[in-house]
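The values are calculated or read from the model by the stated rules, or taken from the named source; none is laboratory data. Keep in mind it's a predicted model, so treat the numbers as computed, not measured. Neighbour counts are summed over all protein chains in view; Cβ atoms, including those assigned to glycine, are modelled from backbone coordinates with ideal geometry. The accessibility values were calculated without ligands, DNA or RNA, using every heavy atom of the protein model including side chains. Shrake-Rupley method; radii C 1.70, N 1.55, O 1.52, S 1.80 Å.
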Amino acid sequence: MYKDRWEIEIFFKTLKQHLKVKTFIGTSENALRIQIWTALIVLLLLKYLHHLSRFGWSMSNLATMLRMNLFTYRDLMAWLHDPHGQPPVPPVIQLRLPGFGQAVAR
């Protein structure tokens with residue numbers, strides 16, 4: 001029983017360390033299950049990205065950098081292998097509205 005309890009403690013310590021879980025949102029059994037499953041999925045994705053990366057990330061650095069770059073537009077695999085590289089410049093698309101900025105023939 002002690003060994004099982006210790007594994008649960010290590011799991012929650014890993015969650016707190018890598019995902020910055022401060023509190024649980026809900027207190028019902030269903031809410032806790034959803035939050036734990038979500039955390040497991042996130043940890044699985046982080047470990048998979050860590051496995052794919054050639055940069056030599058630590059898990060905590062990878063989680064932090066992903067959190068910081070969550071809303072940036074970059075190729076994930078290119079960023080994983082070279083995070084300090086120049087980000088690609090997205091193409092500028094000029095949209096034209098009919099009747100605005102154009103000479104109208106009469």
- Query: Which percent of the Cα-Cα distances in the chain go past 19 Å?
  - Reply: 62 percent
- If contacts are Cα pairs under 8 angstrom and at least 6 residues apart, what is the relative contact order of the chain in percent? 20 percent
- By accessible area with a 1.4 Å probe, ligands and nucleic acids excluded, highest first: order of LEU46, LEU52: LEU52, LEU46
- Under a plain spin-label model, where a point goes 7 Å from the Cα along Cα-to-Cβ, how far apart in nm are SER28 and PHE11? 2.2 nm
- Item | Long-range tail of P(r) for region 1-51 (Cα pairs > 15 Å, %) | 54 percent
